[in-house]
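First comes the structure, then the notes that go with it.
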Protein chains: 2
Amino acid sequence: MTASGRPANSTHKAAIRQENEAQILAAAERVFADYGFKGATTARIAEVANVPKANVHYYFATKEALYRRVIENVCSQWLEAAMTFENTANPATILRGYIEAKMDLSRSNPYGSRVWAHEIVRGAKFSSDYISTTVKDWLDGRVRIIRRWIAEGKMDDVEPYSLMYMIFATTQHYADFSSQIEIFNDNQPLSDAQFADAKENVVRIILRGVGLI
Amino acid sequence: MTASGRPANSTHKAAIRQENEAQILAAAERVFADYGFKGATTARIAEVANVPKANVHYYFATKEALYRRVIENVCSQWLEAAMTFENTANPATILRGYIEAKMDLSRSNPYGSRVWAHEIVRGAKFSSDYISTTVKDWLDGRVRIIRRWIAEGKMDDVEPYSLMYMIFATTQHYADFSSQIEIFNDNQPLSDAQFADAKENVVRIILRGVGLI
DNA sequence: ATTTATCTTGACCGTTTGGTCAGGTTAAAA
DNA sequence: TTTTAACCTGACCAAACGGTCAAGATAAAT
């Protein structure tokens, strides 16, 4: 019988699986953000996810497999922000859009950014393949675009890699070092207005810094 | 008898203590940089320091005490760089000196920077007192100086905190994310020439970005 | 020469860790 | 209704963990 209880067909079990995996992944992202790979414990992840520890291992064979899935999710979020570099507007608009997208991502998803920070600070042991292929290809493409802008006299002759590293560092700083920023801000998280102001200042300094304003 | 073997007076034991403590602290800095507080193990620190694990606990009662000592060392290094903000030269010279000092520190002592990164990413549990007193006082002082420069029309009207965060983020990025930068740089650490070039670009973009060039 | 204080370390301990598993429940398929 | 496949979990395990300790080695003080 396909028309009785709540679920129409055989998607109920699949829905349970999807929901539990999502719940565990969300918990893992938070715990990995706080402690990094080695410092995080499966017991704590289970506690945050509100499931027995054995259930975590039912859905994810090992702690490492779970960690890899979290890293994959973080990367795919990053690729979304990267897309804002693709449109054909003028350099100032493109750079502004990218910086704002990255800062918004840091604010809406601070856990992912912090997981990434832990991962790279520790030496990128699990993500070096991804960085040396997908991310490097993307970055080299953007560097070529910037070099073209420079050749066309649209902006100052700055080293594109230095510029991109500056954008990476500054935008992610607001997520990765939020605890420090919060202390400086009289123990209050940045308000929406403060964050919008910070965003505008970052965009202004960088655009003016490379001669686009 | 004070004139027999190698050591002159009763400083021999003290020298042993000092040397062993330094060796263990150096090893701890490296291991904490790689794994953070929770992820690091005293066994690994002992292995890197080339002493038995029990000896680590002879000189430092607990892992936490050892960690606090490492954090203190990192902070005192940071204060040295902070001093370059004190001289009475013009704004461009002061900012350039500070940025260069911080980037040089990141290069000469990448482990300390990464320990700090782990500590803050995790929520500054051990260093919040230090940040909310020493560091915050220092930062607020620099913010006042920058506001004065702005009021005197020496530079653009930018939010000083945003500027300082940008400097923190960018300069430390070269230490904290060095594994990522290395991958982007064809799996080679930045050469001295590349690093000098990066430093010059960071200084240029920021100084121009706030209207000091 | 003897005492005393510090340094050194292998062996050990209770706890926490990632991971397993048997036995149960639930729901889709036959 | 029965069978089957997926989901669930308390109890358990070997390994790794931070930390302890007794007993020995070394060197300063008496």
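Exactly one of these conditions fails for B:Glu64: (1) open to solvent by 10 Å² or more (accessible area, probe 1.4 Å); (2) more than 15 Å from DNA strand C (Cβ to nearest atom). Give me its number. Result: B:Glu64 fails condition (2) only.
Looking across the range A:83-93 at every residue that is in contact (Cβ under 8 Å) with a residue 40 or more places away in the chain and under 18 Å from A:Trp138 (Cβ atoms), the one that is surrounded by the most Cβ atoms within 10 Å (Cβ to Cβ) is identified as A:Pro91.
Among the candidates B:Leu212, B:Leu163, B:Leu139, B:Leu207, the residue that is of a type in the set (A, V, I, L, M), touching a residue at least 40 places away in the same chain (Cβ under 8 Å) and facing chain A (nearest Cβ under 7 Å) is uniquely B:Leu163.
For the range A:184-213, a residue qualifies if it is among the hydrophobic types (A, V, I, L, M, F, W, C), out of contact with any Leu (no Cβ under 7 Å at 6 or more places or on another chain) and open to solvent by 20 Å² or more (accessible area, probe 1.4 Å), and the qualifying residues are A:Leu190, A:Ala193, A:Ala196. Just one of (1) in contact with a Phe, Trp or Tyr (Cβ under 9 Å, 6 or more places away or on another chain); (2) farther than 21 Å from B:Ala196 by Cα; (3) of a type in the set (Gly, Ala, Ser) fails for B:Ser128. It is (1). Look at B:Ile146 and say whether it is surrounded by 15 or more Cβ atoms within 10 Å (Cβ to Cβ), among the β-branched types (Val, Ile, Thr) and either under 27 Å from B:Tyr67 (Cα atoms) or at the interface with chain A (Cβ under 7 Å from one of its Cβ atoms) (or both). No; evaluated as a whole, the condition is false for this residue. Residues that are of a type outside the set (A, V, I, L, M, F, W, C), within 16 Å of DNA strand D (Cβ to nearest atom), surrounded by 15 or more Cβ atoms within 10 Å (Cβ to Cβ) and within 14 Å of chain A (Cβ to nearest Cβ) occur in the range B:121-131; there is at least one. Considered as a group, the residues in the range B:28-63 that are farther than 15 Å from B:Arg114 by Cβ and hydroxyl-bearing (Ser, Thr, Tyr) include one that is farthest from DNA strand D (Cβ to nearest atom), and that residue is B:Tyr59. Checked against (1) within 9 Å of chain B (Cβ to nearest Cβ); (2) more than 23 Å from A:Ala40 (Cβ to Cβ); (3) in a loop (DSSP other than H, G, I, E, B); (4) in contact with a helix residue (DSSP H, G or I) (Cβ under 6 Å, 6 or more places away or on another chain), A:Asp156 passes all but condition (4). Looking only at the range B:39-52, how many residues end up being within 30 Å of A:Phe32 (Cβ to Cβ), within 11 Å of DNA strand C (Cβ to nearest atom) and surrounded by 15 or more Cβ atoms within 10 Å (Cβ to Cβ)? Within the range B:39-52, residues that are within 30 Å of A:Phe32 (Cβ to Cβ), within 11 Å of DNA strand C (Cβ to nearest atom) and surrounded by 15 or more Cβ atoms within 10 Å (Cβ to Cβ) number 4.
Condition check ((1) within 14 Å of the chain's Cα centre (by Cα); (2) more than 28 Å from B:Phe195 (Cβ to Cβ); (3) assigned by TED's automatic domain parsing to the domain that holds A:Ala26) across all residues:
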| site | (1), (2), (3) |
| --- | --- |
| A:Ala124 | no, no, no |
| A:Tyr161 | no, no, no |
| A:Tyr174 | yes, no, no |
| A:Ile181 | no, no, no |
| A:Glu200 | no, yes, no |
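Selection of first residues in the range A:48-69 that are of a type in the set (Ser, Thr, Tyr) and of second residues that are open to solvent by 80 Å² or more (accessible area, probe 1.4 Å) and near DNA strand C (Cβ under 6 Å from one of its atoms), restricted to Cβ pairs under 8 Å at least 6 apart or on distinct chains, gives an empty result.
The values are calculated or read from the model by the stated rules, or taken from the named source; none is laboratory data. None of these values were measured; they are calculated from a predicted model. Cβ atoms come from the backbone with ideal geometry, glycine included; neighbour counts cover every protein chain shown. Heavy atoms of the whole protein, side chains included, go into the accessibility calculation; ligands, DNA and RNA do not. Shrake-Rupley method; radii C 1.70, N 1.55, O 1.52, S 1.80 Å.
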